[in-house]
Ligand code: CAA
């Protein structure tokens, strides 16, 4: 089926980015939040990114207005009625996601596809929580969504070839590079990225180098855009800890086991950029 109208569940960091790129590509995009203040915060993030883009000369004022014109913020599931694709980007909790899917399925048409942006939960388990497991798949975006080119298109055990193709087409239509990923913990990118980040923490704990030197080593020695500790602070230590636990549960391999220092930092509330302190300090 062809997709013209998209609904995004959640207008947090990922949801707002997904809604923005969808609207920029010309899709009528509804973005849903649980309440007005969360919605205003998310819409404000989109407006700021677009305004910065205009200020940097990356986007015309007309392009900004067209994107805004394609976006509708809402707190009512009923407004998603006309959507042909729903992309869910809410809290990483299976029960909460299932509740959201039930509310979606009460209003959308029989052909509507649902995709989850989960980074670590089983897409097959989430698909099984809907009445349309063959019309369900994963669209895993990367932060910051408007700047990162990749989308992992994840096939659940039940995803039909037609659904997978439609999700690949959508990813291309919004200007992203899709790669096909199986429904295995961490898909492709986090399966490789998370052990690397955890290993950096182990190296720090063993006194291999300072935070700054390890970051500098990987940035300048390997050409990575961010060193591991800058990236950990950027992604969020709680998010990394959550994903590592899921990967460890899935594979039972020590490379996925969260190091004690990561656990202690999360317990201390040192979550990275969002809390003002992680491996670095941030002025808020
Ligand atoms: N509008 C339009 N363009 C903008 C913009 C805006 N508001 N803001 C920035 N840009 C453009 C810039 O102009 C620049 O373009 P050019 O390359 O053409 O000059 C480009 O975007 C990069 O922007 P900046 O120069 O401001 O920033 P930077 O060079 O420091 O890069 C970054 C920032 C893209 C975040 C880079 O540091 C990076 O790639 N970091 C790694 C991020 C990463 O690994 N993300 C994945 C995390 S893991 C994840 O998300 C998955 C998970 O499941 C946890």
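The values are calculated or read from the model by the stated rules, or taken from the named source; none is laboratory data. On a predicted model such as this, the values are computed, not experimentally measured, just so you know. Positions of Cβ are generated from backbone atoms using ideal geometry, with glycine treated the same way; all protein chains shown enter the neighbour counts.
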(request) For the stretch 126-141, indicate whether the set of residues that are surrounded by fewer than 23 Cβ atoms within 10 Å (Cβ to Cβ) and within 9 Å of the ligand (Cβ to nearest atom) is non-empty. (result) no
(message) For the structure I just gave you, tell me whether residue 69 is within 16 Å of the ligand (Cβ to nearest atom) and either farther than 26 Å from residue 250 by Cβ or modelled with pLDDT of 95 or more (or both).
(response) no
(request) Report whether or not residue 63 is in the same structural domain as residue 10 (by TED's automatic domain parsing), in contact (Cβ under 8 Å) with a residue 12 or more places away in the chain, surrounded by fewer than 20 Cβ atoms within 10 Å (Cβ to Cβ) and in a loop (DSSP other than H, G, I, E, B). (result) no
(request) Those residues that are in contact (Cβ under 8 Å) with a residue 60 or more places away in the chain, surrounded by 18 or more Cβ atoms within 10 Å (Cβ to Cβ) and more than 15 Å from the ligand (Cβ to nearest atom), I need them from the stretch 109-125; list them, please. (result) 113
(request) Collect the residues in the stretch 94-121 that are in a loop (DSSP other than H, G, I, E, B) and under 14 Å from the mean Cα position of the chain (by Cα), keeping them in residue-number order. (result) 117, 118, 119, 120, 121
(message) From the list 137, 73, 175, exactly one residue is in a loop (DSSP other than H, G, I, E, B), within 23 Å of residue 20 (Cα to Cα) and not assigned by TED's automatic domain parsing to the domain that holds residue 249. Which is it?
(response) 175
(request) Among the residues of the stretch 147-161, count how many are crowded, with 19+ Cβ neighbours inside 10 Å and part of a loop (DSSP other than H, G, I, E, B). (result) 2
(request) Give the number of residues within the stretch 6-55 that are more than 16 Å from the ligand (Cβ to nearest atom) and surrounded by fewer than 19 Cβ atoms within 10 Å (Cβ to Cβ). (result) 10
(request) May I ask you to list pairs of residues, at least six apart or on different chains, whose Cβ atoms are under 7 Å apart, with the first in the stretch 46-58 being in the same structural domain as residue 16 (by TED's automatic domain parsing) and in a helix (DSSP H, G or I) and the second being at pLDDT 95 or above and within 8 Å of the ligand (Cβ to nearest atom)? (result) 49/146; 50/59; 53/59
(message) Tell me the residue from 146, 195 that is in contact with a helix residue (DSSP H, G or I) (Cβ under 6 Å, 6 or more places away or on another chain) and either closer than 28 Å to residue 251 by Cα or modelled with pLDDT under 95 (or both), please.
(response) 195
